[in-house]
1. Using a simple charge model, +1 on the beta-carbon of Lys and Arg, -1 on the beta-carbon of Asp and Glu, nothing else, what dipole does the range 58-175 show about its Cα centre, in debye to the nearest 20?
2. Using θ = phi - 60° and the Karplus curve 6.51 cos²θ - 1.76 cosθ + 1.60, what whole-Hz ³J(HN,Hα) does each residue of the range 264-269 get, with Gly and Pro shown as x?
3. If each DSSP helix of 4+ residues adds -39,500 (n - 2.57) and the sum is divided by the residues in the chain, what number results at 222 nm, nearest 500 deg cm²/dmol?
4. How much length is gained if the chain between R52 and Q247 is pulled fully straight, taking 0.36 nm per residue apart and subtracting their Cα-Cα distance, in nm to one decimal?
5. Relative to the first principal axis of the alpha-carbon coordinates of the chain, what is the inclination of helix 53-63, with its axis defined by its Cα atoms, in degrees from 0 to 90 and to the nearest 10?
6. Relative contact order for the chain: what is it in percent, counting Cα pairs under 8 Å that are at least 6 residues apart?
7. Mind giving me the nanometre distance, one decimal, between the label points for R278 and K61, set 7 Å out from Cα along Cα→Cβ?
8. Between A164, Q196, Y117, whose Cα lies farthest towards the positive end of the dipole of the chain when Lys and Arg beta carbons carry +1 and Asp and Glu beta carbons carry -1, centred on the Cα centre?
Amino acid sequence: MAERVLVTGASGFIGQHMPALLRAHGYETHITARGTLPETAGITAHGVDLLRQDEAQRLIKDLRPAIIIHTAWYVAHGRFWTAPENTDWLEASTALAAYAAEAGTRRFVGIGTCAEYATEAGNDAFPWPETRPIAPATPYGEAKAALAARLAAMAEARARFGVAWARLFHLFGPAENPARLVPSIMLALREGREAQCSSGRAVRDFMSTQNAAAAIAALATSQVTGPVNIGSGAPISIAAMARLIAQIAGRPYLLRLGVLPDRPNEPAYMVAHTGRLRREVDFNSSVSLVSALSSYAND
């Protein structure tokens, strides 16, 4: 009999890609989402508000999934960094994991962020390993780091409850807010407008949401526990990323770098060290950045 897996937040930025991947791996796949639930053959949807602990507890008790991939969170663009909802989701996610451990779930995969890491040393041009100090500078990063610590404590207390923590770096993909970097440039170029950007000197680690979802699925179906960076491991400046998008769009003459101010106190370098992802999870993406951007631009 196929193992049962539950994906929360299945209509979200990352979660939308997870169910089909898991179904293809042969898992009995269940999903939750607030609002409209996607309808996909062979995938069972549950209309549950995870912020209501009674609903979450009932779902886990009835479903008893072997694996949970918890992608649900508050992610309103621009607001999520400081929103009070981060505290709500910290408590709801802690409760969800506790219900899962009690129900016999063997593996819980939480979704973290590179914003958990210390950034005061952000001028060092070296990839960030999972051992980098945790010192988040925002309420969002604080809530994610707190959840990671709580889940690790649960796993330590329960021998049969394994926890993996996927720390995401910089993503782009379908259903992205149009104000974010990649779609804002694409939209301006598509409409024949100037794409205005900052200097773009900062170096980042960009990965498509489809690719990140595949990495998370590989992590969920592995035996690896603890924090694992989810990123490409390939440094690229924001300026180079913008030029690449403009080149793909065929309108490099509309790109305007240095028009907008740089963000104050922005780390100069944020790139994932992907050794655990490559060696332990055995995930090596075959999708290039150019290919992922081209596919996104043509959607």
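The values are calculated or read from the model by the stated rules, or taken from the named source; none is laboratory data. Please read all numbers here as calculations on a predicted model, not as lab measurements. Cβ coordinates were reconstructed from backbone atoms using ideal geometry, including for glycine residues, and neighbour counts include every protein chain displayed. Please note that ligands, DNA and RNA were not included when accessible areas were found on the heavy atoms of the full protein model with its side chains. Shrake-Rupley method; radii C 1.70, N 1.55, O 1.52, S 1.80 Å.
1. On the way: 12 positive and 11 negative charges, 114 e Å.
Using only the charged Cβ atoms, the result is roughly 540 debye.
2. x, 6, 7, x, 6, 8
3. Details: 8 runs with 99 residues, N = 299.
Mean residue ellipticity at 222 nm (helix-derived): -10500 deg cm²/dmol.
4. Roughly 65.5 nm would be gained on extension.
5. Approximately 70 degrees, to the nearest 10.
6. Reported as a whole number, the value is 17 percent.
7. 4.7
8. Value computed over the given set: Q196.
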